[in-house]
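The values are calculated or read from the model by the stated rules, or taken from the named source; none is laboratory data. These figures come from a predicted structure and were not determined experimentally. Positions of Cβ are generated from backbone atoms using ideal geometry, with glycine treated the same way; all protein chains shown enter the neighbour counts. The area values use the complete protein model at the heavy-atom level, side chains included, leaving out ligands, DNA and RNA. Shrake-Rupley method; radii C 1.70, N 1.55, O 1.52, S 1.80 Å.
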Amino acid sequence: MITIADDHGVHHSSVYGSSEFQTPNLQQMAKEGIRFDNAYVASPACAPSRAALFTGRMPYSNGIVGNHEIELKPGVVSLLSTLLEQGYEVVFHGKVGHAGRKHFGQYVPDGVRILGGGGLQQTMTLDQVERFLKERLEDAPPLALFLGWTDTHTAWPPKEEARIAPEDVVIPPKIFDTPEARVEMSRYVEGAEAIDRRVGQTRQLIAKHLNLDNTMLVYTSDHGMPWPFAKWSLYETGIRTPLIAVWPGKIKPSSSTDAMVSWIDLMPTLIDLAGGTSPSGIDGRSFAKVLFGESVKHRDVIFATHKGDNEKNVYPIRSVRVGKWKYIRNLHPEFAYTTHTDVWAKEVPRIDEHWAHAGHHWQSYLETAKTDPNAAAFLRDYHSNPAEELYDIEHDPFEKNNLAAAPEQAEKLAELRELVTNRMIEVDDDQSLSGPPKLLTEFSIPGISGIETAR
């Protein structure tokens, strides 16, 4: 059973050290199984991230690079077909693919059973899953059940439902702190805790209807939270994801690993555990040995790609992680970096705050920046980037100190720059845009008369 959250950042549970999040069910999973501390997705947007998961191929290999794209390259096959061929019953409930069958039909074959669509969290329950499990025959084939929850995706639960008070939330590093941001963060925390409750309810159903000793449970998320410097970026908070796995008698309880793994490896791992062989030519490979404590390493290099979503997020970025080092290349530093968060906040007034896409806290940044230089500097840092960024993740986990201009790191910068350049050539990276960009020279920020294209 695989549970996929939407926009649940790696730091946003008690499992990964954030005590303000009450996530006892995820904590119990970590106690019973293994926690991955260096699990990555291929892209920080829903469609390319999930396409990479189900094809075992990186975005430029499978053809879905932007969040608005739906066409796989000719010859690319879904790894779900392999599970079906192995005799598994493959079942989806909730947002597992992206935006409904018409958008994920190419990598979700007809043999996959869809219990409930990828609708909003307010309309999704476990009722259909419970009914399905009750009706399964004793001699039913082995089951691969994928559940997708969207509580951490906007719109978050209303502020009236939030357990945590705004004054008690922790505003992540690099994000400017305002009262409105604290209210919105309390809603995000409630979303994460709602998913945790769903995980607990699901485990109760599994224990009631399936053989737990022969069932592996996995929890993960498609990318980081929809806040600045996270989703839609290639910072660690955008592409590093929670990953927890439990399998009684197989996976050592209360274990953790620093092994670097990718979402493209997850399906090959499931196929491997089921006794099958993944198709040749894919990018992913099984990390079963890491799961079982037989290896402490898996990947030496992690690549990631971001393109955009039509006219939103038009800001192509590439990155690589090697050891403790992270290199980011912003292909067009003359563009203004934008996301749904700030674009939607400026488009129309968001009267219904239940549906607000973080518009309230973004408006507070714009207002505060008119008189507060720190808020203006935050907006400048958000909207503008240098051509290259280099970070020592071990000593700077939130990537606040760009070392690209440090003379003592010139050799490391050149090494990682070459890795990304060669990778782009290897995968025929066309560097295309998802829509018309916004230029920094035409971009206005309260309290700032102009923005340089590099810093």
Only residues in the stretch 225-243 that are in contact (Cβ under 8 Å) with a residue 60 or more places away in the chain and among the basic types (Lys, Arg) count as the first member; pair them with residues that are surrounded by fewer than 24 Cβ atoms within 10 Å (Cβ to Cβ) and assigned to a helix (DSSP H, G or I), Cβ under 6 angstrom, at least 6 apart or cross-chain, and list the lot. none
Can you tell me which residue within the stretch 1-28, out of those that are of a type in the set (A, V, I, L, M) and in a loop (DSSP other than H, G, I, E, B), is modelled with the lowest pLDDT? Met1
Among the residues of the stretch 61-77 satisfying the criterion of being over 20 Å from the mean Cα position of the chain (by Cα) and of a type outside the set (A, V, I, L, M), which is farthest from Asp430 (Cα to Cα)? Gly75
Would you check if Ser14 is open to solvent by 10 Å² or more (accessible area, probe 1.4 Å) and free of Cβ contacts under 8 Å to residues at least 24 places away in the same chain? yes
Verdict on Ile206 being touching a strand residue (DSSP E or B) at 6+ places or on another chain (Cβ under 6 Å), touching a residue at least 40 places away in the same chain (Cβ under 8 Å), open to solvent by less than 10 Å² (accessible area, probe 1.4 Å) and farther than 30 Å from Lys174 by Cβ: no
For the stretch 76-109, name all the residues that are modelled with pLDDT under 85, part of a loop (DSSP other than H, G, I, E, B) and under 24 Å from Ser278 (Cα atoms). Gly97, His98, Gly105, Gln106, Tyr107, Val108
Considering only the stretch 413-440, how many residues are more than 14 Å from Arg329 (Cα to Cα) and open to solvent by 40 Å² or more (accessible area, probe 1.4 Å)? 9
Within the stretch 29-42, track down each residue that is assigned to a strand (DSSP E or B) and open to solvent by 10 Å² or more (accessible area, probe 1.4 Å). Arg35, Asp37, Asn38
Qualifying strands (runs of 3 or more DSSP E) (wholly inside the stretch 209-325; at least 3 residues being under 15 Å from the mean Cα position of the chain (by Cα), surrounded by fewer than 23 Cβ atoms within 10 Å (Cβ to Cβ) and modelled with pLDDT under 95): none
Pick from the stretch 373-412 the residues that are aliphatic (A, V, I, L, M) and open to solvent by 10 Å² or more (accessible area, probe 1.4 Å): which of them is farthest from Thr339 (Cα to Cα)? Ala410
